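The values are calculated or read from the model by the stated rules, or taken from the named source; none is laboratory data. This is a predicted model, so every value here is computed, not measured. Note that we place each Cβ from the backbone using ideal geometry, even for glycine, and neighbour counts take in every protein chain shown. The accessibility values were calculated without ligands, DNA or RNA, using every heavy atom of the protein model including side chains. Shrake-Rupley method; radii C 1.70, N 1.55, O 1.52, S 1.80 Å.
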Amino acid sequence: MGDGKVRAKKHLGQHFLKDKRIAASIVDSLRADRCDTVIEVGPGMGVLTQFLVERHFPSLKVVEIDRESVEYLETNLTGIGEIISGDFLEMDLRPMGEKIALIGNFPYNISSQIFFRILENRDRVTEVVCMVQREVAERICSDPGSRVYGILSVLLRAWYDIGYLFTVSEQVFSPPPNVKSAVIRLERNKREKLDCDEKLFFSVVKRCFNQRRKMIRNPLRMMISADAGDMPYLSMRPEQLSVEQFAELTRWVAVNSINAGESATGGQKE
């Protein structure tokens with residue numbers, strides 16, 4: 001697995017991990033309990049993949065958008081169940097397994113999009129171990145009241161137990177990024193369904209954080225009927241609310257909304 005055999009492409013956000021000890025630690029963090037499929041997102045030159053192969057998972061698939069990396073894996077690695085050349089963000093996960101564990105060094109430029117895809121497949125994706133930009137990791141793992149608590153903090157916490165595992169230096173990558181990275185684990189919690197309209201929940205959370213410096217009544221103003229009463233959360237800021245409080249707010253919006261069936265169109269800005 002020498003460096004330089006695949007050219008890192010800036011437009012794909014590629015930074016190849018070159019420290020095998022860290023790669024082994026990331027793979028060792030994946031439990032994959034009762035999973036029928038393990039999918040690695042963005043294997044690059046396979047520094048994680050080689051340790052995944054040694055674990056002998058029932059079904060191991062790797063998804064790689066970079067054709068040069070796909071050719072390298074096909075030539076240099078054996079034991080992978082399936083190498084899929086394509087964009088993970090465009091893939092249908094339903095045929096890939098009923099219980100899926102995801103692992104990968106997520107490209108910085110699409111990590112948030114990957115997490116939204118995970119949320120879309122939350123009844124299928126039971127565990128995620130991934131390396132992301134440390135700032136993103138801290139945001140996802142933050143608690144209500146934190147200044148970095150945001151959309152992904154709430155939405156992922158609604159369906160996953162989240163843990164910050166360890167920080168990774170920029171010097172163990174080729175080329176080194178400008179920021180540190182971190183490894184986190186998401187494990188599907190026991191919640192089957194939120195106690196509210198889940199589509200509306202997504203919309204309420206996104207709308208509130210898209211104006212995170214304002215009191216909640218401001219971003220929700222266009223959703224709520226003019227004769228709606230007051231409720232305590234309207235005078236708070238979104239980073240103060242827990243998942244359960246956002247669910248309560250969503251139920252209130254559903255009763256007092258101009259259009260209770262409004263789709264989740266609040267955007268995905270963090």
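Using amide H atoms built in the peptide plane, which far-off residues or other-chain residues are under 5 Å from VAL168 H to H?
Those lying under 5 Å, H to H, from VAL168 are SER181, ALA182, VAL183.
Quantify, in whole percent, the carbon and sulfur part of the accessible surface of region 34-116 (1.4 Å probe; protein heavy atoms only).
47 percent
Can you compute the label reach from GLN240? Point 7 Å from Cα along the Cβ direction, backbone N cut-off under 19 Å, restricted to region 196-233.
From region 196-233, the list is 204-221, 229-233.
On a full-extension model of 0.36 nm per residue, what is the gain between SER59 and GLU98, subtracting their alpha-carbon distance, rounded to one decimal in nm?
On the way: separation 39, 0.36 × 39 = 14.04 nm, distance 1.18 nm.
Extra length from SER59 to GLU98 when fully extended: 12.9 nm.
Taking N as the number of residues in region 163-204, what is its Cα Rg relative to 2.2 N^0.38 Å?
Relative to the 2.2 N^0.38 Å estimate, region 163-204 comes out at 1.91.
Determine the dipole magnitude for the chain: charges of +1 sit on the beta-carbon of Lys and Arg, -1 on that of Asp and Glu, nothing else is charged, the reference point is the Cα centre, and the result goes in debye to the nearest 20.
So the dipole magnitude of the chain works out to roughly 740 debye.
With axes computed from alpha carbons, what is the tilt in degrees of helix 243-256 against the longest principal axis of the chain, rounded to the nearest 10 within 0 to 90?
Taking Cα atoms only, the helix is inclined about 50 degrees.
Shape of region 17-74 from its Cα gyration tensor (a ≥ b ≥ c, root eigenvalues): rounded if a/c is under 1.5, otherwise prolate when a/b > b/c, or oblate?
oblate
Starting from the 7 Å offset along Cα-to-Cβ, what nm value, one decimal, do you get for the label separation of VAL148 and PHE116?
It works out to 2.1 nm between the two label points.
Between Rg and the Kirkwood Rh of region 138-270, both from Cα atoms, what is the Rg to Rh ratio?
Rg/Rh: 1.05.
Using θ = phi - 60° and the Karplus curve 6.51 cos²θ - 1.76 cosθ + 1.60, what whole-Hz ³J(HN,Hα) does each residue of region 138-149 get, with Gly and Pro shown as x?
With the stated coefficients, region 138-149 comes to 5, 5, 5, 8, 6, 9, x, x, 6, 5, 9, 4 Hz.
Once you have a ≥ b ≥ c as the square roots of the Cα gyration tensor eigenvalues for region 154-229, tell me rounded if a/c is under 1.5, and otherwise prolate or oblate according to whether a/b is larger than b/c.
oblate
Is region 45-127 best put as rounded, prolate or oblate by its Cα gyration tensor, with a ≥ b ≥ c the root eigenvalues, rounded for a/c under 1.5, and otherwise prolate when a/b is larger than b/c, oblate when not?
Cα axes put region 45-127 in the oblate bin.
With a cut-off of 17 Å, note down the residues of region 138-167 whose backbone N falls inside the zone around a label point 7 Å from the Cα of ARG34 toward its beta carbon.
159-161
How long are the three semi-axes of the equivalent ellipsoid for region 73-219, computed from the Cα gyration tensor as the root of 5 times each eigenvalue, in whole Å, largest first?
Working through the eigenvalues yields semi-axes of 28, 21, 13 Å.
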